[in-house]
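Engineer: Shown below is the structure under consideration.
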Amino acid sequence: MNAFFNIIKSFPRYLWSGWGAIASIFLFIALWEFGHQIYGDLILPAPKETFLRLVNMLLHEGMWQEMQITIRRALWGFFISALLGSALGLLAGLFATASMMSRPIVTILMGMPPIAWIVLAMIWFGMGDTTVIFTVVVASFPIVFIGALQGTRTLENNLKEMADSFQTPALMKITDIYFPHVFSYVFPAWIAALGMSWKIVVMAELLSTSDGLGAALAVTRGQLDTAGALALVMMLVGSLLLIEYLLMEPIKREVEQWRD
Amino acid sequence: MARLNAAYLQAHQLSHSFGPNEILREIDFRLDQGKVVSVVGPSGGGKTTLLHLCAGLLDITEGNVENSFKSFAFAFQDPRLLPWQTALDNIAFGLKAKGIAKQQREQLAVAISAEFGLEGDDLTKFPKDLSGGMRQRVSFARALVLQPELLFLDEPFSALDIGLKQELQQILIQQITQKKLSILFITHDLMEAVRLSDQILLLAADPGRIVHTFTIDTPIDKRSEQFVYDETAKLLTQPKIIETFELTMNLTSTLNRDKQT
C-alpha cells in the first residue's frame, strides 16, 4: 500500500524527467523527415503525413477497434504466460531434479522460432484468436519461466540461516525474504515477456487472422500503403511505450530501488 | 530469580559428523553469565559447526548442550542484511520476528543505532549504499537490539580493516561491561580473542577437539593495547598453539629469542 502511494507521489517528477526522452524522439523524427526528403513519398512518407494518417485511421477507419483486438490478444497471451511461467518456474526451482530437467526443454522452446509455432498453431487451431494467443504464450512463457526458476534457485542459504538464527516465523520468512528475492527476478522477466508479446502478436495476426493490427498491416502491404504501414507500427510501438513507461517503469523504480 | 541461578551454556561430550567426516569430537566447555568465551582455531576446524550446534541451528546428534539463557542473538562473519530493506528495517528484523509492533520496534531500533554510531540519514539507506563497516554495525545492532542474554559471534570482525575492527570492538566491550552480556565468540585471530574474552578454548582440527583452555583474569575493559600484545605474544610461544596453528619453527624461534632478550 505504502509502495502504491510512493509511486503516485513520485509520478510527476518521473514524468518531468521524460523531457530528455522526448527530445531524443523529436531528433529521430527530424531524421525521418530528412529521409523522406531524399527518398520521397513511396519509400518513406513524411512524419506529418503519417501522423495525419494515424489519426484518420483511429477516428474514421475503425482502426481503434482493431487495436483493441490486438491489445486484448497480446495481454491475454502475456497474462497466461506470466501466470504459467511464474507458477511452474517457482515449482521447478524448488526441486533440483525438476530444474535440471526443465532446462533443456526451455532451451528448445526458446530456440524454436515463433514463425514455426505460428505454422503449427494454424494447423492445430485454425485461423483466429486461439492461434495468436497460443503463439504469444509459447514465445513469452520461457522468459518468465527462466526468471522464476532463477529466482528460486538463487535464494541464499546465508539469509535463510540468518532468519533461522532470529527464530523467524515461516510467514515472515516468505514475506520478508523469499518473496522480495523471487520478485526481483520475476518482475524484469514479466517486462521482457510483455515486450515479446507485443511483437509476436502482430506477426501471428499478419499470418493467421483477418482482424487486428497485424491483419491491417497485411492489407497495407498489399496496397503498397507505406504511410498506413508506418502508422500501424506507430500505434503498436506507441501503445507499448505507454504501458511500459507509464505503468511498468514507475512500479519497477519503486520496488527495485534497493538494487545497485 | 536470574540472580539466584545465573544462566549458563554447557556442552557435554559434543560430537558431530557430516556423513563420514568427523567434524567435532567430544567437546566440553561451560559459558557462565556475563562471561566471554572464545573458540580459537585454524580455519576449517569446525568452529562454525560448534557455534551452530550451540545455537540450535544444527541438530545435535551426539552429546548434549544445556542452555539456560533466555534469549540469544547471532552476528555473522558477513553482515547478512536483507538488501531490499533499509538499515532501520534490518536492525528491527529480529524484533519483527518476535512480533513486536512496528512503531515500538522502530523506536528501539533508532535508540540502539545511536549507540553504534549510525545517524538518521544512514537508517533510511539500503545496504548497497552503506560501507562495509556500517553494514557490520547494522548487523551488530540487529543482534543487540533484542537485548539477548547470550550473543553468538561468528568471526564478525574478520572482513573489516584494522580501524573499523577496533571501533566495533570498543562498542562491543562497552556492551559487555554495561549490559553483562555473555558471548560465545568464534575467531581465528588470537589477538582478537585475547582482547575480548575471559576464556579461550583452543580447537584443533581434524577432528575438531579442544586441546587447551586459557583463562585471562584481567577484566575486559581494563585491558590496554600493550597488555593485549604481550598476552598474545605469550600465547604464541605455547607449544599447543604452535602445534594447532602449524606455526613454522622459524617464527617460534624468533619469538623465543624476543622473549629471552
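The values are calculated or read from the model by the stated rules, or taken from the named source; none is laboratory data. Keep in mind that this is a model prediction, so the values were computed, not measured. When we count neighbours, we look across all protein chains shown, and the Cβ atoms used for this are built from the backbone with ideal geometry, even at glycine.
Engineer: As an exercise: evaluate A:P45 against (1) closer than 25 Å to A:G214 by Cα; (2) in a helix (DSSP H, G or I) and give the number of the one condition it does not meet.
Structural biologist: (2)
Engineer: Right, something else. Take the residues in the range A:2-17 that are among the aromatic types (F, W, Y) and without any contact (Cβ under 8 Å) to a residue 60 or more places away in the chain; name whichever of them is nearest to A:L247 (Cα to Cα).
Structural biologist: Once the filter is applied, the top-ranked residue is A:F4.
Engineer: So B:V39 fits all but one of (1) outside the structural domain of B:T232 (by TED's automatic domain parsing); (2) in contact with a Leu (Cβ under 6 Å, 6 or more places away or on another chain); (3) within 14 Å of B:L184 (Cα to Cα); (4) not aromatic (F, W, Y); what number is the exception?
Structural biologist: Answer for B:V39: the failing condition is (1).
Engineer: Would you point out the residue of the range B:76-91, among those that are within 9 Å of another protein chain (Cβ to nearest Cβ) and of a type in the set (A, V, I, L, M), that is nearest to B:Q147 (Cα to Cα)?
Structural biologist: Only one residue tops the list, namely B:L81.
Engineer: Working carefully through the options B:G56, B:G44, B:G99, find the one that is at pLDDT 90 or above, surrounded by fewer than 16 Cβ atoms within 10 Å (Cβ to Cβ) and out of contact with any Cys (no Cβ under 6 Å at 6 or more places or on another chain).
Structural biologist: From the options B:G56, B:G44, B:G99, the qualifying one is B:G99.
Engineer: Now a separate question. Does the range B:106-122 contain any residue that is touching a Ser or Thr at 6+ places or on another chain (Cβ under 7 Å) and within 14 Å of chain A (Cβ to nearest Cβ)?
Structural biologist: Within the range B:106-122 (the criterion being touching a Ser or Thr at 6+ places or on another chain (Cβ under 7 Å) and within 14 Å of chain A (Cβ to nearest Cβ)), the answer is no, since none of the residues qualifies.
Engineer: A further question follows. Scan the range B:113-122 for residues that are part of a helix (DSSP H, G or I) and either surrounded by 19 or more Cβ atoms within 10 Å (Cβ to Cβ) or polar (S, T, N, Q) (or both) and jot them down.
Structural biologist: Within the range B:113-122, B:S113, B:D122 meet the criteria.
Engineer: While we're on this one: Can you tell me which of B:Q13, B:Q77, B:Q33 is among the polar types (S, T, N, Q), more than 30 Å from B:L95 (Cβ to Cβ) and touching an Asp or Glu at 6+ places or on another chain (Cβ under 9 Å)?
Structural biologist: Only one candidate qualifies: B:Q13.
Engineer: May I ask you to verify whether A:W124 is more than 14 Å from chain B (Cβ to nearest Cβ) and more than 23 Å from A:A192 (Cβ to Cβ)?
Structural biologist: Here the answer is yes, as A:W124 does meet what is asked.
Engineer: Right, something else. Could you check the range A:1-47 and list, in sequence order, the residues that are acidic (D, E) and at pLDDT below 90?
Structural biologist: Listed by number, the list holds a single entry, A:D41.
Engineer: I've got another one for you. Take the conditions more than 14 Å from chain A (Cβ to nearest Cβ), among the aliphatic types (A, V, I, L, M) and either within 29 Å of B:K35 (Cβ to Cβ) or touching a Cys at 6+ places or on another chain (Cβ under 7 Å) (or both) and apply them to B:I176. Does it pass?
Structural biologist: Taking the combined requirement at face value, the residue satisfies it.
Engineer: List pairs: first in the range A:247-260 and more than 9 Å from every other protein chain (Cβ to nearest Cβ), second of a type outside the set (A, V, I, L, M, F, W, C), Cβ under 9 Å, 6+ apart or cross-chain?
Structural biologist: Filtered contacts from the range A:247-260: A:E249/A:Y14; A:P250/A:S10; A:P250/A:Y14; A:K252/A:P188; A:R253/A:S10; A:R253/A:Y14; A:E254/A:N6; A:E254/A:S10.
Engineer: Check B:L235, B:L202 and return the single one that is in a helix (DSSP H, G or I) and either charged (D, E, K, R) or touching a strand residue (DSSP E or B) at 6+ places or on another chain (Cβ under 8 Å) (or both).
Structural biologist: B:L235 is the lone residue from the list that is in a helix (DSSP H, G or I) and either charged (D, E, K, R) or touching a strand residue (DSSP E or B) at 6+ places or on another chain (Cβ under 8 Å) (or both).
Engineer: Restricting to the range A:133-165, and then to whatever is of a type outside the set (A, V, I, L, M), buried (at least 22 other Cβ atoms within 10 Å of the Cβ) and more than 16 Å from the chain's Cα centre (by Cα), can you tell me which residue is nearest to the other protein chains (Cβ to nearest Cβ)?
Structural biologist: A:S165
Conditions (1) of a type in the set (D, E, K, R); (2) touching a Gly at 6+ places or on another chain (Cβ under 8 Å); (3) not assigned by TED's automatic domain parsing to the domain that holds A:R73, marked per residue:
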residue: A:G151; (1), (2), (3): no, yes, no
residue: A:L159; (1), (2), (3): no, no, no
residue: A:F166; (1), (2), (3): no, yes, no
residue: A:I177; (1), (2), (3): no, no, no
residue: A:W198; (1), (2), (3): no, no, no
residue: A:E205; (1), (2), (3): yes, yes, no
residue: A:A218; (1), (2), (3): no, no, no
residue: A:L224; (1), (2), (3): no, no, no
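Engineer: Checking B:S43 against (1) over 13 Å from the mean Cα position of the chain (by Cα); (2) within 14 Å of chain A (Cβ to nearest Cβ), which single condition isn't satisfied?
Structural biologist: Just one mismatch for B:S43, condition (2).
Engineer: For the range B:1-52, how many residues meet the condition of being part of a helix (DSSP H, G or I), in contact (Cβ under 8 Å) with a residue 40 or more places away in the chain and farther than 29 Å from B:D221 by Cβ?
Structural biologist: 1
Engineer: Continuing with the same structure: Of everything in the range A:166-184, what is facing chain B (nearest Cβ under 9 Å), surrounded by fewer than 17 Cβ atoms within 10 Å (Cβ to Cβ) and among the polar types (S, T, N, Q)? Give them in sequence order.
Structural biologist: Of everything in the range A:166-184, just one residue is facing chain B (nearest Cβ under 9 Å), surrounded by fewer than 17 Cβ atoms within 10 Å (Cβ to Cβ) and among the polar types (S, T, N, Q), namely A:Q167.
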